[in-house]
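To keep things clear, I will list the structure first and then write my remarks on it.
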Amino acid sequence: MASSVETLEFQAETRQLLRLVIHSIYSNKDIFLRELISNASDALDKLRLESLADSTVQADASDLHIVLEVDKDARTLTVRDNGIGMSRDDLVDLIGTIAKSGTAGLLEKIKESRDAATAQSLIGQFGVGFYSAFMVADKVTLRTRRAGTDSGTQWESDGEGTYEIQAVDGLPVGTSVTLHLKPADGEDGLADYLAEWKIRQIVKQYSDFIRWPIRMAAERTDADGNTTPTVDTLNSMKALWARPRAEVTETEYNEFYQQISHDWLAPAETIHMRAEGTFEYEALLFIPSQAPFDLFSRETKRGVQLYVKRVFIMDDCEALMPNYLRFVKGVVDAHDLSLNISREILQHDRQIRAVRRRLVKKVLGAIKDMQSKDSERYGKLWDQFGRVLKEGLVEDTDNAQALLELVSASSTHDAEKPTTLRGYVERMKDGQDAIYYLTGETRATVENSPHMEAFTAKGYEVLILTDPIDEIWADQIPDFGGHRLQSIAKGQVDLDEPADGDQEADPEKTQREADFATLLPWLTTALSEQVKQVRLSSRLTTSAACIVGDAHDISPTLEKMYRATGQQMPPVKRTLELNPGHPLITALRTAHAANPDNPALTEIAELVYGGALLAEGGDLPDPARFARLLTTHLVHTL
């Protein structure tokens, strides 16, 4: 039996806000069902908690559930729950939130926002997701009765100027929301929300892990054409991340990983964590065993799935995972976020940033544990993801040292087995204070570089770095464990220098400098277009010359990479180092001393420089001229 109807009028600004909700805010109209199911789930949670805390609550909590009812003749879709329900005051307070003071301020914020996503997040912060029902319905009827009360209440509105409230007797405990649906309109994004397949699709996408069963009546036809009514549960309710790890089998983890990643292999590592405190969340993360084909594609998606209280919010939430961990798959389920929070808001949310920091540390910690406990499995993981992990050395300074501990690189110590930086440091010679490395396109190119000669001859280990990213991070990381990283192709290297810093004069070195005192300035002038300086080298043993950069110069390979991306780089002149004991260099010195004005000497100087450039894998500025000069002098020699 219903009482008299009380008709109330929306405030002017409330009508404006409703129009925004209905026509502008939500880009995907399907989420109206997500919002209503989420509200129903909250009501079930509240009844369960209240029944546990107060045994006098007059409500049956033995079969808490949500029911979706379709009436095709009346064109209505009803979302019904047997949860805590609402009193009249609750109804005005909760569903009427939109009509409270502050609406004008919200409208102003929405007008100031630059896009629909930000406006949507503001709507969500004011708790008016219920009103998304008006996107698909001409009229919404809500009936509810709170547990422990005898009378129910009905709220009804067409979302325009007014809403009606009246008391209704005989209602069951719980809430039902009936949507009088608009006709399907593909151009306006309105699907046929009476279709069973569409309802199942929406529930599967957004509400599959809601803890309470979502039921819907259906009909099944057997082989003889007979139809049988049945009630199906639409959601799986299997939120693995919400269960204790001890209760989840490895098979269940693997199946869930394959479901969300579309990968047929089992993951290399599973990380299951729960955080409690001021901001509660659960996370279930997976490190794949094989890199996806699009790992380095610009269009590749990254980030984990974000849920709020088991309700799906978004795929590939970039705010939760840095770019260099884009291969990590999984789920983060937060307890205290709005269902409508946008990507823009997430990027600046303090709590989300704290979650991100903890997730990163968990992932890096899991890889570190694998490194120390199962080197073979770690080696396979590094082969797949090492290159992308090294991007973090450039992007994530806060975790740079943790990432350095994970770096695995080839070195001259072992032709087959890579080394960690920690392993390199443990093998350093007495008095050695730097970690030596050389970058190049291939291991063979690096091993045959003239820069390696003195280090090989004296038994110093050199890291061989051949990934393009190595050019960047190795130059930016100042040190590891107090030992600086030094490229053997930069700066001056004197491996004979005493470890204690004793700078006693070396008679042989002094004599060499005197012998070449005339040739070096002449060569510096003759090659001034190509080099900034010509000097004697202590790093060469068999090659005639090599080219080195200053300690802070950009490397030629990195310069080439920047130019390939369209960035204009100023030309960098480097230093030509000569091997004073090489027959070619001593002959050049003798010839210059005998006839410094001989024009052929300038051409030979060009050949020496070009040969050094080719030896390091560089590109000749004028290959045709180099070939012509080489041919001419070979003819004269023969």
Volume in Å³ per residue [convex hull over Cα atoms, computed for the range 335-459]: 159
Between rounded, prolate and oblate, where does the range 32-80 land on the alpha carbon gyration tensor, with a ≥ b ≥ c its root eigenvalues, rounded for a/c under 1.5, else prolate if a/b exceeds b/c? prolate
Just to check I understand the Karplus step: with θ = phi - 60° and J = 6.51 cos²θ - 1.76 cosθ + 1.60, what whole-Hz values come out for the range 325-337, glycine and proline as x? 10, 5, 7, 6, 10, x, 9, 10, 10, 8, 9, 10, 10
Taking every DSSP beta bridge that has both residues in the range 515-617, what percent is antiparallel when rounded to the nearest 5? 45
Averaged per residue, the 1.4 Å probe accessible area of the range 299-381, protein heavy atoms only, in Å², is roughly 44
Given axes a ≥ b ≥ c from the Cα gyration tensor, I'd like to know whether the range 260-366 is rounded (a/c under 1.5), prolate (a/b larger than b/c) or oblate. prolate
Order these peptides, 58-66, 596-604, by their mean beta-carbon neighbour count within 10 angstrom, highest first. 58-66, 596-604
Rg over Rh, two decimals, the range 124-234 (C-alpha only, Kirkwood Rh): 1.02
For the chain, how big is Rg over Rh, using alpha carbon atoms and the Kirkwood form of Rh? 1.18
Give the share of C-alpha pairs in each 5 angstrom bin for the range 554-595, from 0 to the last occupied bin, in whole percents, shortest bins first. 5, 19, 17, 10, 8, 10, 12, 12, 7, 1
Enumerate the lysines that Lys72 could reach by cross-link, defined here as Cα to Cα under 17 Å, with residues fewer than 8 away along the same chain left out. Lys139, Lys182, Lys198
Per-residue counts of other Cβ atoms within 10 Å, averaged by peptide: what ranking do you get for 557-566, 158-167, highest first? 158-167, 557-566
In nm², what is the average projected area of the convex hull enclosing the Cα atoms of the range 410-488? 4.9
Taking the highest mean first, how do the peptides 456-464, 440-448, 210-218 order by number of other beta carbon atoms within 10 angstrom per residue? 210-218, 456-464, 440-448
Counting only protein heavy atoms with a 1.4 Å probe and every protein chain in place, the carbon and sulfur fraction of the accessible surface of the chain in whole percent equals 48
Straight-distance crosslink candidates among aspartates and glutamates, where the alpha carbon sits under 15 Å from Lys458 and sequence neighbours closer than 8 are dropped: Asp430, Glu447, Asp494, Asp496, Glu497
Under 5 Å between amide hydrogens, which residues at least 5 positions from Ser410 or on another chain qualify, with H placed 1.01 Å from N in the peptide plane? Thr419, Ile464
Shape verdict for the range 521-638, please, from the Cα gyration tensor: rounded (a/c under 1.5), prolate (a/b greater than b/c) or oblate. prolate
Using modelled backbone amide H atoms (1.01 Å from N, in-plane), which distant-in-sequence or interchain residues come within less than 5 Å of Asp479's amide H? Leu485
If you restrict to DSSP beta bridges whose two residues both lie in the chain, what percentage is antiparallel, to the nearest 5? 80
Pairwise over distinct Cα atoms, reciprocal of the mean inverse distance: report the Kirkwood radius of the range 207-297 in Å, one decimal place. 16.3
Too long for a 21 Å Cα-Cα cut-off, among Lys329/Lys380; Lys309/Lys361; Lys329/Lys368; Lys329/Lys373, are Lys309/Lys361; Lys329/Lys373
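The values are calculated or read from the model by the stated rules, or taken from the named source; none is laboratory data. Fair warning: this is a prediction, and the values are worked out from it, not measured in the lab. All Cβ positions, even for glycine, are placed from backbone atoms using ideal geometry, and neighbour counts span all protein chains on display. The protein model used for the area step is the full one, side chains on, heavy atoms only, and it has no ligands, DNA or RNA in it. Shrake-Rupley method; radii C 1.70, N 1.55, O 1.52, S 1.80 Å.
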